[in-house]
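Below is one structure, written out as C-alpha cells; comments come after it.
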Amino acid sequence: MARKISILVVDDEESVRDSLSNWFIEDGYQVDCAENAKKALQLIESSHFDIILADIKMPGMDGLEMLRRIKSLRNDSIVIVMTAFASVNTAVMALKDGAFDYVTKPFDPDDLSHLIRNASKQILLAQENETLKNKVISLDNVEDLIGNSQAMKEVLKQVESVAQSNSSVIITGESGTGKELIARAIHANSSRKYYPLVSVHCGALTESLLESELFGHEKGAFTGAMYNRKGRFEMADSGTIFLDEIATISPKMQIELLRVLETKSFVRVGGNKETSSDFRVICATNRDLKSMVEQGTFREDLYYRLNVVNINVPPLRERVEDIPLLVDYFIKKYCTTMNKPLITIDDAAMQRLGEYPFPGNIRELENMIERAIVIGNGKKITLKDLPFGKDMIDNSIESLDDFEKTFIRQILNKYSWNITRTAKALKVDRVTLYNKIKKYDLKPDE
Amino acid sequence: MTQPNITLISFGYFGKHFLEKIAEAVKLEYKYSVIIKESHLDLSEFFDPGRRQYNGNKLLHAVNTLSMPQTLKTVGMFSVDLFIPILTYIFGQAELNGHSGIASLYRLSNERYGIAPDDKLLLERFTKEVIHELGHTFGLIHCMTPDCVMRSGTYVEDIDQKDQHLCHNCRRQLDAADKAW
Ligand SMILES: Nc1ncnc2c1ncn2[C@@H]1O[C@H](COP(=O)(O)OP(=O)(O)OP(=O)(O)O)[C@@H](O)[C@H]1O
Ligand SMILES: [Mg+2]
Ligand SMILES: [Zn+2]
Ligand SMILES: [Zn+2]
C-alpha cells in the first residue's frame, strides 16, 4: 500500500477549512489546516505536504507571496491555488510562479476531485517509479474474482499484463462467465483506477438513447432535454469506459463509435463544439464478433480497433475445479447478506454441481446457491435444495446428447423460445435448431 | 434496555414505502435495527439566500443534536439542495467516525437532468447514498473498488455504477472496528 497523501489547506475562512478537510478526510487523505500564510509556512518547514491548497486572497501575506516562498524553499509540494473570483490574471501569475493548477470558488465537486486525483496520480507515479524496478506486479482488488483453475489463472495473467497498458480490450465468453467482473479487475489494476469506470449496457438502449447516453446532449436537443448533460465518454475522462454487449449496436452507432475511438473527441447531441476525452475502452460480448464481421453485420474496421487484446473467459464447465471454491464463496456471500449463520453443503449436492454443465455459467451457480440458502433448512445444502427437478435427477447427464439437450433447453428458455435469437446465441441456423428441438422433443415450460 | 440502533430521520415528505425500503437495506448492510423518524424542523434557517441552497454543515450539526442516547448513528434525509461553503453542491456528507450523516434526494432524480423519472432508480441511488454516508460514520473512507458503495462519486451516474453493498475490504474494516468497540 502506498502511504497516505498529505494535504495542507490554507484559507482564512473557517468554514472553508472545515468543509475541505472533511471532504479530504473522507477521501482517505492526511489533512492539516492553517488559517494564514505565516502558520502555513511554519507547518511546511517542520513537515512535508504532498499537496498544498491555498487561497490567493488572505489578510497578511497573500497566497501568491506564500507560493513564491514555498517554491524558494525548493519544496517539491504540489501547490493548487483557490481564487474567489474568476480572476484569470492572478491565476496565471500563480501558474507562472509554479502552481500546479488553480480553481475558482466555489468549485464543482467533480472539478475538485479531478484536480486532486491528477495531483495524487503525479505523486504516486513518482513514488512508483522509484520502487518499480524490482517489483513484481501483482493484482489488487480482485478478491471477488474466484478461481484457481489453470484456465482462470491464464485469464488473470492476461488481466495483469493488459491492465498496465492502454490498449483496447475485448472480453468474450458465454453469458454469466464473469466478463463484467474481468473488466472491473482490469480497471482496478490500471493507472486509471483513481478515475471512474463507466459502464454502458449497449444492448439495453435504443439507438437514439444510446447516442445521447454516450455523447451527452445540449439543453433543448430534443423534447425533454431540459439540462445539458455529460455523456459517458466525457464522464470516463482519464478513466475507463466499459461497453457491454457491444455486438448489439446499430450500424450507425458503429460508425460513430469508430470515429470517437479514432479522434478521442465527439460532439454532444444538439451541440456544435468538439469535446475531447481521454478514456480507455473495454468491450464485452457473448457473440462471435469475428463471424459477425464475416457476415457483414459488424464493421471490420471497428472490430480491429476494439480487438487489440482479446481475453476469452472460459465457460464454467471447462473449469469444474473452480466449482467448490465458488460454492464456498457464494455461501459466505449470501449467508452474510441474509444475516444467517454460515452453512455447508453435503457431498452428494456438491458432486451433482460438478456434473452439471451450467449453460448459464457462474451466474447460474450463484443463483442456485442463493436459492438453496433461502429454501434450505439453514444447516446444510442438500440435493433437494438444488433445482435439479425430477427429470434431471433420474436422467442425469451421461452422454453428449443429454448435454446438448439440456443446454439447448436452457438457451431457449433464456430467449423465451424466440427461435431466431436462440439460434443466433447458439450460433446455428434456424433449421438446425428446429431439427434439434424435434429430435429432443423440447417444449416450452409452463 | 433497547439495543443500539441506527436512526433515519426524514425531513420533508418521503413515502412510507420508500422509507421502509431504505431501512431494510440499511439493516441488511449494517446488521443493526433501524428506526425511522420524522422531523418537523423548520429548514428555512438553513437556507442560504445567496446560493438558494441549504447549508450542509449546519444541517449535519442539527442532525447531530437530534440524535438520541440509544442511537448509534443518525442519518438525516432531505429533499433539498445541499451545499457546503466551498463546493457548488453535495449529495450528502457525514462525520468520519462520528454519529451523524446527511443525504439528499435533490440531485438524484432523473428529472433533474432532463430524463424521464424512474422511481426505482431514485430509490436505489438514495439507498446507496445513505449506506455510503453511514459507512463514513463507521470510519470507512472512500474505496477504489469500482462497485463498492464507498467509492466516491460526484455524478448520479457514478452512483449507478456501484452496488449498494460494501466490498470485502470495507466489510472487513467495518467488522474489525465493530469488534474494537
Ligand atoms: N470468478 C468469479 N468469482 C466470483 N464471482 C463471479 C466470478 N465470475 C462471475 N461471477 C459472478 O457471476 C455473475 C455474472 O458475472 P458477470 O455479470 O461478470 O458475467 P457476464 O459474463 O458479464 O455475463 P453476461 O454476458 O450475461 O452479461 C456476477 O454476479 C459475478 O459477480
Ligand atoms: Mg455482463
Ligand atoms: Zn463519501
Ligand atoms: Zn470498499
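The values are calculated or read from the model by the stated rules, or taken from the named source; none is laboratory data. Owing to the predicted nature of the structure, the values given are computational and were not obtained by experimental measurement. Methodologically, a virtual Cβ is constructed for each residue, glycine included, from the backbone with ideal geometry; neighbour enumeration extends over all protein chains shown.
Points to keep in mind about this one:
- Single residue of the range A:190-207 satisfying the filter (more than 10 Å from every other protein chain (Cβ to nearest Cβ) and part of a loop (DSSP other than H, G, I, E, B)) that is nearest to ligand 3 (Cβ to nearest atom): A:TYR195
- Among residues of the range A:238-256 being out of contact with any Phe, Trp or Tyr (no Cβ under 7 Å at 6 or more places or on another chain) and closer than 25 Å to A:HIS114 by Cα, the one that is nearest to ligand 3 (Cβ to nearest atom) is A:PHE242.
- Checking each residue in the range B:137-149 for being more than 16 Å from ligand 1 (Cβ to nearest atom) and surrounded by fewer than 24 Cβ atoms within 10 Å (Cβ to Cβ) picks out B:THR137, B:PHE138, B:GLY139, B:ILE141, B:HIS142, B:CYS143, B:MET144.
- Odd one out for B:THR88 among (1) at pLDDT below 90; (2) among the β-branched types (Val, Ile, Thr); (3) surrounded by 20 or more Cβ atoms within 10 Å (Cβ to Cβ): (3)
- One residue from A:ILE311, A:ILE282 being within 14 Å of chain B (Cβ to nearest Cβ), away from ligand 3 (no atom under 16 Å from the Cβ), within 23 Å of A:HIS187 (Cβ to Cβ) and outside any helix (DSSP H, G or I): A:ILE282
- Enumeration of residues in the range A:337-371 that are without any contact (Cβ under 8 Å) to a residue 24 or more places away in the chain and buried (at least 16 other Cβ atoms within 10 Å of the Cβ): A:MET368
- Residue selected from the range A:208-218 under the condition within 11 Å of chain B (Cβ to nearest Cβ) and buried (at least 19 other Cβ atoms within 10 Å of the Cβ), by the criterion nearest to ligand 4 (Cβ to nearest atom): A:GLU213
- Positions within the range A:124-147 being modelled with pLDDT of 85 or more and more than 13 Å from every other protein chain (Cβ to nearest Cβ), in sequence order: A:GLY147
- Residues in the range A:279-294 that are under 16 Å from A:VAL428 (Cβ atoms) and in contact with a Ser or Thr (Cβ under 7 Å, 6 or more places away or on another chain): A:ASN286 alone.
- Residue count for the range B:155-173 under the criterion of being without any contact (Cβ under 8 Å) to a residue 40 or more places away in the chain and either outside any loop (DSSP other than H, G, I, E, B) or at the interface with chain A (Cβ under 7 Å from one of its Cβ atoms) (or both): the result is 11.
- Flag if A:PHE233 is aromatic (Phe, Trp, Tyr), surrounded by 18 or more Cβ atoms within 10 Å (Cβ to Cβ), more than 22 Å from A:ALA185 (Cα to Cα) and in contact with a strand residue (DSSP E or B) (Cβ under 8 Å, 6 or more places away or on another chain): no
- Extreme residue, surrounded by the fewest Cβ atoms within 10 Å (Cβ to Cβ), among residues of the range A:314-333 that are touching a residue at least 40 places away in the same chain (Cβ under 8 Å) and within 14 Å of another protein chain (Cβ to nearest Cβ): A:TYR329
- Number of positions in the range B:7-42 that are over 19 Å from B:ASP163 (Cβ atoms), touching a helix residue (DSSP H, G or I) at 6+ places or on another chain (Cβ under 7 Å), touching a residue at least 40 places away in the same chain (Cβ under 8 Å) and β-branched (Val, Ile, Thr): 1
- Only residues that are outside any loop (DSSP other than H, G, I, E, B) and either small (Gly, Ala, Ser) or more than 10 Å from chain A (Cβ to nearest Cβ) (or both) were counted in the range B:129-154, giving 6.
- Scan of the range A:234-279 for residues that are within 12 Å of chain B (Cβ to nearest Cβ) and over 16 Å from A:ASN307 (Cα atoms), ordered by number: A:GLU234, A:MET235, A:ALA236, A:ASP237, A:GLY239, A:VAL269, A:GLY270
- Any hit, the range A:219-226, residues being buried (at least 21 other Cβ atoms within 10 Å of the Cβ) and not aromatic (Phe, Trp, Tyr): no
- Members of the range A:240-260 found to be part of a helix (DSSP H, G or I) and in contact (Cβ under 8 Å) with a residue 24 or more places away in the chain, listed by number: A:ILE246, A:ALA247, A:THR248, A:PRO251, A:LYS252, A:MET253, A:GLN254, A:ILE255, A:GLU256, A:LEU257, A:LEU258, A:VAL260
- For first residues located in the range B:46-58 and of a type in the set (Asp, Glu), partners that are part of a strand (DSSP E or B) and lie 6+ apart or on another chain with Cβ distances below 6 Å form the pairs B:ASP48/B:ASN55.
- Here B:LEU59 meets each of (1) within 11 Å of another protein chain (Cβ to nearest Cβ); (2) under 14 Å from the mean Cα position of the chain (by Cα); (3) not acidic (Asp, Glu) with one exception, condition (1).
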